[in-house]
Amino acid sequence: MGRADPEEGHLPAPVKPPDGGWGWIVLLGCFVITGFSYAFPKAVSVYFKELMKDFHVGYSDTAWISSIMLAMLYGTGPVCSIMVNQFGCRPVMLIGGLLASSGMILASFTTNIIELYLTAGVLTGLGMALNFQPSLIMLGTYFDKRRPLANGLAAAGSPVFLSSLSPLGQVLLEKFGWRGGFLIMGGLLLNCCTCGAVMRPLDAGMKRKMGKAQDKYEAKEMLPIGGKSEEGIITSDGTKKAKKAKKKPKKGKKLLDFSIFSNRGFIIYTISKFILVLGLFVPPILLVNYAKDTGVPDTEAAFLLSIIGFIDIFARPACGMVAGLKWVRPHVSYLFSFAMLFNGLTDICSARASNYTGLVIFCVFFGISYGMVGALQFEVLMAIVGSQKFSSAIGLVLLIEAFAVLIGPPSAGRLVDALKNYEVIFYLAGSEVVLSAVFLAVATYCCLNRGKKKEPPPEKNPPGGGSDTEEAESDVQEAEEHSSDNHQPTHTTDNAVVAASEEANHVAEEQSGEGGGCPEGDGEVLARDGCNADQTVERDSF
């Protein structure tokens, strides 16, 4: 995945995704990686009170640990894309697992908050980023027809790990303290290396599938009169003319493909995703404090997040199954718009909830809509840009989202401090999510669907429903045709040699019949020509 072909100098043709087999193991690894990437920054908050006591800092100082992790996860997207395109997914994930684990292990020996920022924040965040993005890329290469379901199952790792890592962190804190908890958490992150080891690239499968064409092509190259650089043509005069074949110029390998910005679908998706992230994470962050301000006890307020997580576990795979239906998948971008609209309206309608029952109802609907958004966000991106450009696309999208993450929640917190009113914040966050949904739906319909109606393209798939399987099959067919074309000059050369030798032998027979002798040198030339012709005929028939 992402490696350059040594002979041609460009990325290999896409391989037909197996939609199963080893892909289920890849899906399991992606499930674990997604769980660690999204749940770990939130689970670390269990240790914040102990860190505040030991380092004599405030809550906002310790909260920067989670913020730095998320900033590294989103902001290092282009760096991950470059590394994946240069070295492949598996090596990058192995390095990421080691960095994530070493960051938490080193954090257990820190003596001040700045060292925690550099170890648990930067190192661990960078390590999880180097695991998260390649795992999604590998998932897109192994699944095509079942890709919506695979994305939904992989996205379910986030709520599953969030509901398990937080209680585990509390147990480790009580038995071993925060230093022992960090050390054990670092050991758990070594499982990211295991997940990276199972990310087997499909390059080997591509070579096996095209083995016959390659073997025939290499056999012709080994003939003395055929080859890539020159073709020998022997005339009746015994001379040999060399015809040099044209060499294809090598294409430079792109570490980060900026040509995706010429894709209108990608531009529309990026803008809508930026607006979405501004308000998507605000309600779950402020929910507990909002419930406490309305008079809900602390334990019951904390249980609201558990409700969201529990609903989210089932909402993501279910939405993936729905998105994989034949009549839904071509319009998956509109389903994504509906999910965002559902989430935004949930925020707006819950702004005036004043009792615990109303907040529970909000959590149920928010969990459903939040799970739908999480299951569809990367599926829509894969459908827009394709699996070959997905590595560059997701890196650039995550970088743009990083700015929205740094703007949205902090701005909401400042507004709460200034207005002392959560109702306005929920209205504002919901309006941003609704705006992103409306923009995506309208722009997709006006800019993409109408454009395709005016210009009838050869592609049959509508926007958001492209299939990488058909592209892979066409590329394999082109490769076989290319190899057969390369054989054709060799056959032509063989026919020319045979014709020349037969003509020469015919002249020799006429001369011997008339009693005329031939020069000694000419006889040697004819003998050599006849031998080459026989060998050529035998090799060609063989």
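The values are calculated or read from the model by the stated rules, or taken from the named source; none is laboratory data. Quick caveat, the model's predicted, so the values are computed rather than measured. Glycine also receives a Cβ, built like all others from the backbone with ideal geometry; neighbour counts cover every protein chain displayed. Side chains are part of the model used for accessible areas, which takes the heavy atoms of the whole protein and leaves out ligands, DNA and RNA. Shrake-Rupley method; radii C 1.70, N 1.55, O 1.52, S 1.80 Å.
Suppose each label sits 7 Å from its Cα in the direction of the beta carbon; what would the Asn355-Thr299 distance come out to in nanometres?
2.2
What's the extension gain from Leu415 to Lys49 if we count 0.36 nm per residue and subtract their Cα-Cα distance? Walk me through the numbers before you get to the answer.
Details: separation 366, 0.36 × 366 = 131.76 nm, distance 2.49 nm.
Fully extending the segment from Leu415 to Lys49 adds 129.3 nm.
Do you know the relative contact order of the range 256-450, to the nearest whole percent, from alpha carbon pairs under 8 angstrom that are 6+ apart? Provide the component values of the computation, followed by the final result.
Working: 230 pairs, mean separation 84.7, N = 195.
Relative contact order of the range 256-450: 43 percent.
Would you rank Asp417, Asp61, Asp257, Asp347 by solvent-accessible area, highest first, keeping every protein chain in place and using a 1.4 Å probe? Kindly include the intermediate steps, with their values, before the conclusion.
Numbers: Asp417 105, Asp61 55, Asp257 20, Asp347 0 Å².
Reading off the accessible areas and sorting them downward yields Asp417, Asp61, Asp257, Asp347.
How far, in nm, would the chain grow between Arg179 and Leu256 when pulled straight, counting 0.36 nm per residue and subtracting the alpha carbon separation? Could you put the intermediate results ahead of the total?
Details: separation 77, 0.36 × 77 = 27.72 nm, distance 3.93 nm.
Result for the pair: 23.8 nm of gain on full extension.
By average Cβ neighbour count within 10 Å, what is the ranking of 349-359, 95-105, 370-380 from highest down?
Numbers: 349-359: 15.2, 95-105: 23.0, 370-380: 25.6.
In decreasing order of mean packing, 349-359, 95-105, 370-380 become 370-380, 95-105, 349-359.
How much area per residue is accessible in the range 256-450 when the probe is 1.4 Å and only protein heavy atoms are counted (Å²)? Don't jump to the answer; show the numbers that get you there.
Details: 8190 Å² over 195 residues.
I get 42 Å² per residue for this part.
Would you count, across the range 16-221, every pair of lysines whose alpha carbons are under 20 angstrom apart, provided the pair is eight or more residues apart or spans two chains?
Going through the range 16-221 pair by pair, I get 12.
Roughly how many percent of the accessible protein surface of the range 16-221 is carbon and sulfur, given a 1.4 Å probe and a whole-percent answer?
Numbers: 5560 of 8200 Å².
Here it works out to 68 percent.
Taking the simple approach of a point 7 Å from Cα along Cα-to-Cβ for both Leu345 and Ile271, what is their distance in nm?
Each label point lies 7 Å from its Cα, and together they span 2.4 nm.
Restricting the calculation to Cα positions, tell me the Rg (one decimal) and the Dmax (whole number) of the range 256-450 in Å.
Expressed in Å, the Cα Rg and Dmax of the range 256-450 come to 17.4, 54.
Set the Förster radius R0 to 25 Å, insert the Cβ-Cβ distance between Trp24 and Trp327 as r into 1/(1 + (r/R0)^6), and round the FRET efficiency to 0.05. Walk me through the numbers before you get to the answer.
Details: r = 26 Å, r/R0 = 1.03.
It comes to 0.45.
Step by step: find N for the range 16-221, compute 2.2 N^0.38 Å, then divide the Cα radius of gyration by it. What's the final number? It would help to have the intermediate numbers written out before the result.
On the way: Rg = 19.6 Å, N = 206, 2.2 N^0.38 = 16.7 Å.
So the Cα radius of gyration is 1.18 times the expected 2.2 N^0.38 Å.
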